[in-house]
Structure formats: C-alpha cells, structure tokens
1. Please enumerate the residues belonging to segment 1-39 that are of a type in the set (A, V, I, L, M, F, W, C) and not in a helix (DSSP H, G or I).
2. Taking segment 86-104, which residues are under 16 Å from residue 19 (Cα atoms) and free of Cβ contacts under 8 Å to residues at least 24 places away in the same chain?
3. In segment 96-111, how many are in contact with a strand residue (DSSP E or B) (Cβ under 6 Å, 6 or more places away or on another chain) and either under 12 Å from residue 24 (Cβ atoms) or surrounded by 11 or more Cβ atoms within 10 Å (Cβ to Cβ) (or both)?
Amino acid sequence: MRNLIQAGDKVTRNRPPYEAHLEAYESFTFIMGITVAHELVHFFVGYLTGQDVPDTPEWVSYLPPVYNRVEENGTEIGESGRTWEGYVLGGIVETAEDTSNPLGAYQAGTL
C-alpha cells in the first residue's frame, strides 16, 4: 500500500521519472483491484457455505493440484480466489521484479 500511495503522490506532483511512477501506479491499482476481488470470492464462498473458514472443494481449483493446500488427513483443498482469476482473466495475476526498473524496491513489478 505504501508503494501504491507513493507512486500516486509522485504522479500527482509530476516527479521524475514520471513514466515509471505512472506505470507503477497503474499496475498497483490493477493488482489491488484483483486482490480485493480475489478475497471477496473467498468471502462469498464462506457466505454461501455458511462456514467461518470454508474449505474450497478440491475440484474448485483452476490451477494444477500442486497449488492446492493439503490437510493433515490428506484432503486436498482448492483455491476459489485463483479459480475466479482463472475464469475471469484466463490465468492468475503475479508480478516479477524488474532489475532495470528505475524505481528499484518501489516498483510494482512486471505483470
């Protein structure tokens, strides 16, 4: 959040490197929107199942089973938030650090 706010502040004040700050702000805003939506999916699964901490059925997982959580009894738990990302976006959203980015540790990363 701090990096999102900082990028927005730098864009508002037209601070150099402006393009890098603008790109970071837009990426952070996109990532934040996806993250909130991802977590809302978990909330809705909990609401619909009536459980405080609902387990997503293993068949409700967009990713290969390696990304599912395995409980002590061997039951595999799916990931409803990533399933939503997969259906809506065609994959999951992740970023990777770009070592050539002038913002260094304050970058949003490459989507």
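1. 1
2. 98, 100, 104 - these are the residues of segment 86-104 that are under 16 Å from residue 19 (Cα atoms) and free of Cβ contacts under 8 Å to residues at least 24 places away in the same chain.
3. 3
We did not get these values from a lab; they are worked out from the coordinates using the rules stated. If you're wondering where the values come from, they're calculated on a predicted model, not measured in any experiment. All Cβ positions, glycine included, derive from the backbone under ideal geometry; neighbour counts span all protein chains shown.
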